[in-house]
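Report on the following structure.
Nothing in this text is a laboratory measurement; each read-out follows from the coordinates by a stated rule. Everything numeric here is computed off the predicted structure, so don't read it as measured data. Note: ideal-geometry Cβ built from the backbone for every residue, glycine included; neighbour counts use all protein chains shown.
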């Protein structure tokens, strides 16, 4: 290929060609078992912050997105992503 030319990469025929190896009921049970609160990364962070003197509220429903940690004194929130 000469300098300045670009190569076109073709996409697969179907982007949704991936098949599921379990049935619908099993998939539902697997996904339902994933917790949204008190995950290991969240608990580690909470312990570390509390040990350093930070005080917070958990999962405030009146805030958009129900943040994991709410620091009212600092008017800040913390969303913990992980453990999926």
Rh_Kirkwood(the stretch 36-78) over Cα pairs, Å, one decimal, evaluates to 10.7
Taking a crude spin-label model, label points 7 Å out from Cα along the C-beta direction, the residue 19 to residue 79 distance in nm is 3.6
Expressed in nanometres to one decimal, the distance between label points 7 Å along Cα→Cβ at residue 48 and residue 63 is 1.9
A chain fully extended from residue 55 to residue 26 at 0.36 nm per residue, minus the present Cα-Cα distance, gains in nm 6.4 nm
